[in-house]
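Each remark here refers to the structure printed beneath this line.
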Amino acid sequence: MDILVFFGKVGPVIWPLLFFSVLCLSVILERLWFWLRILTQEKETVDRVLDAAHSNWAVAAEIARRATDQPIGRFLYAPLRQPKSSPELFRLALESAAEYELAQMRRGEKILELVIAVAPLLGLFGTVWGLIRSLESIRIGDLGTESTAGVTTGIGEALYATATGLVIAIFSLIFYRLFQALVVNQVKVFRKAGNDLEMLYLQASPDLSKTVDGSIPPVFVQESPQTTNLSSKKDKNKFSELPPPPPPPINSDL
């Protein structure tokens with residue numbers, strides 16, 4: 001079937017449907033290229049950063065910095081680039097980086113949702129519009145004659161609009177679900193990589209300000225000899241100023 005003939009059968013709604021189909025196709029191609037680069041490189045990046053973190057954190061930070069063109073590289077480099085770090089700051093950097101990267105991975109989903117919702121409605125509108133035009137051309141005197149054959153043909157052609165809208169919506173829905181599944185898988189990858197990196201950080205810099213049972217260790221203050229002498233002198237002077245004890249009572253019988 002000639003493309004122009006097909007456009008004529010669909011009707012005027014072919015132009016918004018064509019716009020949505022081009023928009024959907026551009027988003028799908030961009031997301032496919034994006035996910036192809038991620039899935040082929042992120043496992044190697046995670047393994048290299050974690051292996052380097054076992055022995056040298058500076059090397060691990062440099063490896064993560066070189067991989068900042070990938071979401072997993074930016075995620076791992078976020079806590080390692082902090083000038084001063086603590087367990088709380090380390091975890092906060094991981095969480096904020098994960099939220100940002102996962103939000104970027106969902107880019108384009110709103111466009112696909114729009115196409116999935118609007119394309120079938122446009123197709124249905126085109127069909128209804130074609131039916132109205134076909135039924136308006138029917139005359140009571142033409143019923144049962146050959147002149148009504150064009151009406152049935154017009155009704156059949158009007159259904160092309162609904163079919164076109166459904167095809168665009170189904171095509172968009174397939175890739176929309178695929179991209180959602182990939183995002184869910186990335187959540188697992190980010191969580192595992194972040195937990196492994198955080199455990200290595202806690203093992204490399206333990207908090208010695210607390211004992212094993214979590215209590216704060218006692219603070220011992222060593223007194224200087226001068227302080228000891230002053231305190232002893234003070235005590236000595238204190239007791240030397242006391243009055244002498246009274247003499248024992250004298251027995252009158254003696």
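General remarks:
- Residue-count net charge about Arg177 - beta-carbon cut-off 12 Å; Lys, Arg +1, Asp, Glu -1: -2
- For segment 3-204, averaging the sequence separation of C-alpha pairs within contact (under 8 Å, six or more residues apart) and dividing by the residue count gives a relative contact order of 29 percent.
- Counting neighbouring Cβ atoms within 10 Å and putting the fewest first, the residues Asp47, Asp2 line up as Asp2, Asp47.
- Spatial separation of Cα centroids for segment 157-171 and segment 1-37, in angstrom: 12 Å
- Overall, the ratio between the Cα radius of gyration of segment 3-204 and 2.2 N^0.38 Å, rounded to two decimals, is 1.63.
- Sorted peptide list for 72-82, 173-183, criterion being average Cβ within 10 angstrom, highest first: 72-82, 173-183
Laboratory data are not the source of any read-out in this text; all were calculated from the coordinates shown. Keep in mind the model is a prediction, meaning the values are calculated, not measured. Because the Cβ atoms are built from the backbone with ideal geometry, glycine has one as well, and the counts that use them run over all protein chains shown.
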